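The values are calculated or read from the model by the stated rules, or taken from the named source; none is laboratory data. Predicted model only: the values in this text are computed from it and were never measured. Neighbour counts run over all protein chains shown; Cβ positions are idealised from the backbone, glycine included. When the accessible area is computed, the model is the full protein with side chains, heavy atoms only, and any ligands, DNA or RNA have been set aside. Shrake-Rupley method; radii C 1.70, N 1.55, O 1.52, S 1.80 Å.
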Amino acid sequence: MTTTAITNIGSLVTNDPTRGEGPLGLIEDATVVIEDGVVAWVGPTAKAPAADAAHDAHRRAVIPGFVDSHSHLVFAGDRTAEFNARMSGRSYSAGGIRTTVAATRAATDAELEANLLRHLHEARRQGTTTFETKSGYGLTVADEARALRIAAAHTDEVTYLGAHIVSPDYADDPAAYVDLVTGEMLDACAPHARWIDVFCEKGAFDGDQARAVLTAGKAKGLIPRIHANQLSFGPGVQLGVELGAASADHCTHLTDADVDALANSETVATLLPGAEFSTRAQWPDARRLLDAGATVALSTDCNPGSSYTSSMPFCIALAVRDMGMTPDEALWSATAGGARALRRGDIGVLTPGARADLAVLDAPSHVHLAYRPGVPLVSAVWQRGERVH
């Protein structure tokens with residue numbers, strides 16, 4: 001079995017405080033040794049063991065690969081007109097999802113997979129090495145199941161989101177749609193998913209409906225996540241914590257009780273600044289959550305309607321500029337925080353035994369991700385020990 005060393009790293013973020021300085025476990029003048037797709041050794045270059053092959057980082061910074069724990073990549077169609085109207089003054093609501101539902105239903109499997117792969121490759125070029133993605137643009141038994149089958153061919157982190165909005169086919173009978181989501185549709189989708197999610201929001205599903213969806217998913221062995229408190233105050237965060245959700249996502253409108261619930265639970269607050277940017281909405285208050293002791297993740301929410309970005313560096317820059325995060329906190333949340341939101345310990349860190357997923361930045365420090373917004377700083381990406389970009 002061969003080993004590969006990435007040497008001459010100017011600044012290495014390990015996210016392991018036992019390995020280096022501060023919460024990010026920073027090591028200057030570092031080397032990472034990879035064996036069989038995992039990290040075998042990290043530390044100062046002067047102490048590095050011999051390896052079979054070496055790659056010179058030329059004093060660049062190296063970070064763990066980004067963990068994008070919230071995306072909606074199985075879709076078809078385009079919502080440029082909606083975005084243009086919104087930027088011209090129309091407010092955002094969940095209703096625009098129906099436009100994508102119609103296009104997705106009309107698309108072939110090959111078209112949906114090609115679109116998924118296009119966005120996956122786009123994200124990987126920007127340093128993303130793990131991504132979660134959801135169904136939710138089919139809203140029929142067959143379309144939801146095929147979305148999950150397509151996604152599962154490309155990631156282990158697949159989420160059943162039949163409860164994205166009430167299907168247009170059930171507009172006059174939401175209760176019957178909830179029965180479908182928790183019955184026949186769940187039966188067809190559960191074998192292809194790890195997670196179950198629900199959009200708990202005005203215009204989508206109320207607290208009782210969301211509880212029914214997540215409870216049914218848990219009974220089938222799926223782990224809850226929840227779209228919570230994005231557009232207004234509501235029961236989503238409290239429900240997610242009560243049901244042991246891995247993550248409550250958006251968390252824009254929070255009461256003190258919501259913040260306390262997150263801070264005193266294992267539920268991660270996943271913040272999605274691309275959505276606020278694209279809808280001109282109120283920014284989530286990351287500082288408030290962090291100061292209370294909550295675990296915070298950052299993710300793209302990549303979707304065609306409200307956050308059409310696959311760029312984790314862009315989300316880091318927004319979080320630092322507009323959400324009260326430091327560059328260190330934002331990077332941690334986009335890597336180790338995302339891993340926490342997926343209940344994973346093998347990604348988001350560069351420490352022995354972790355998966356060898358990393359990004360080399362064309363910069364001397366990870367701080368440049370926020371310092372130089374919009375600049376394509378990722379110069380190389382390694383995934384499972386192989387250079388993929």
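Can you tell me how many residues within the stretch 357-388 are of a type in the set (V, I, T) and crowded, with 16+ Cβ neighbours inside 10 Å?
Residues of the stretch 357-388 of a type in the set (V, I, T): 360, 367, 375, 378, 381, 388.
Okay, now just the ones that are also crowded, with 16+ Cβ neighbours inside 10 Å, so 360, 367, 378, 381.
Residues in the stretch 357-388 being of a type in the set (V, I, T) and crowded, with 16+ Cβ neighbours inside 10 Å: 4 in total.
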Worksheet, complete the sentence: Among strands (runs of 3 or more DSSP E) entirely inside the stretch 1-77, those with 1 or more residues being surrounded by fewer than 22 Cβ atoms within 10 Å (Cβ to Cβ) are 3-12, 27-35, 38-44, 53-56
Worksheet entry | Selection from the stretch 162-173 of residues that are under 20 Å from H250 (Cβ atoms) and touching a residue at least 60 places away in the same chain (Cβ under 8 Å) | H164, I165
Item to complete: Find the residue count for the stretch 291-317, including only residues that are aliphatic (A, V, I, L, M), surrounded by fewer than 24 Cβ atoms within 10 Å (Cβ to Cβ) and under 25 Å from H119 (Cα atoms).
Response: 1
Worksheet item: If a residue has to be outside any helix (DSSP H, G or I) and either open to solvent by less than 60 Å² (accessible area, probe 1.4 Å) or in contact with a His (Cβ under 7 Å, 6 or more places away or on another chain) (or both) to count, how many in the stretch 162-207 make the cut?
Response: 17
Discussion item. When you check D249 against the structure, is it under 21 Å from R344 (Cβ atoms) and open to solvent by less than 30 Å² (accessible area, probe 1.4 Å), yes or no?
Written reply: yes
Practice prompt. Give the residues of the stretch 330-356 that are open to solvent by 10 Å² or more (accessible area, probe 1.4 Å) and part of a loop (DSSP other than H, G, I, E, B), sorted by residue number.
Written response: R343, R344, G345, D346, V349, T351, P352, G353
Worksheet item: Does any residue in the stretch 174-195 that is among the hydroxyl-bearing types (S, T, Y) come within less than 7 Å, Cβ to Cβ, of a residue that is open to solvent by less than 60 Å² (accessible area, probe 1.4 Å) six or more places away or on a different chain, and which pairs are these?
Response: Y177/V166; Y177/S167; T182/A212; T182/V213; T182/A216
Practice prompt. Could you give me the residue pairs with C-beta distances under 7 Å whose first residue belongs to the stretch 119-141 and is without any contact (Cβ under 8 Å) to a residue 24 or more places away in the chain, whose second residue is open to solvent by less than 10 Å² (accessible area, probe 1.4 Å) and charged (D, E, K, R) wherever it lies, and which are 6+ apart or on separate chains?
Written response: none
Fill in: L262 being crowded, with 23+ Cβ neighbours inside 10 Å, over 16 Å from the mean Cα position of the chain (by Cα) and within 27 Å of A317 (Cα to Cα)
yes
Worksheet, complete the sentence: Scanning the stretch 124-161 for residues that are crowded, with 24+ Cβ neighbours inside 10 Å, in a helix (DSSP H, G or I) and of a type in the set (A, V, I, L, M, F, W, C) gives A147, L148, A151
